[in-house]
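The values are calculated or read from the model by the stated rules, or taken from the named source; none is laboratory data. Owing to the predicted nature of the structure, the values given are computational and were not obtained by experimental measurement. Neighbour counts are summed over all protein chains in view; Cβ atoms, including those assigned to glycine, are modelled from backbone coordinates with ideal geometry.
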Amino acid sequence: MTMNKKEFLVIAGLQVEMLDFWIEQQWLIPEQTADGAAFSDVDLARAHFIRDLKADLGVNDEGVDVILHLVDQLHGLRHALELLHGDHRGP
């Protein structure tokens with residue numbers, strides 16, 4: 001599902017200033033379309049993750065940066081392993 005900024009704010013339960021800060025920090029990188037920013041379900045899950053880190057676990061902004069970087073690296077490595085595994089499969 002794709003959401004515009006207004007829809008995303010409502011569904012994610014975020015304030016405009018918070019979302020703008022998260023985009024500025026590149027914690028969320030929405031797709032840019034002719035109609036503006038378009039947010040995906042992945043962006044929504046990431047926003048919930050960020051909110052949980054900050055609100056429930058008390059992680060500060062620097063910690064969120066580190067955690068998101070590590071999570072992104074982990075996903076990249078998993079994708080690379082999947083590709084590598086797929087390249088070595090026989091018929």
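Conditions first: (1) under 18 Å from GLN15 (Cα atoms); (2) more than 12 Å from the chain's Cα centre (by Cα). ALA47 passes all but one, so which condition is the exception?
So ALA47 meets the others, but not (2).
With (1) within 23 Å of HIS69 (Cα to Cα); (2) among the acidic types (Asp, Glu); (3) modelled with pLDDT under 95 as the list, and ASP35 as the residue in question, which single condition is left unmet?
(1)
For a quick check of your reading of the model, give me the residue pairs whose first member lies in segment 5-18 and is closer than 15 Å to ASP41 by Cβ, whose second is small (Gly, Ala, Ser), with beta-carbon atoms closer than 7 Å and at least 6 apart or on different chains.
Hits for this filter: ALA12/ALA47.
Checking the condition more than 18 Å from MET1 (Cα to Cα), touching a Gly at 6+ places or on another chain (Cβ under 8 Å) and among the aliphatic types (A, V, I, L, M), which residue from LEU70, LEU53 passes?
Details: LEU70 fails: touching a Gly at 6+ places or on another chain (Cβ under 8 Å).
The conditions single out LEU53.
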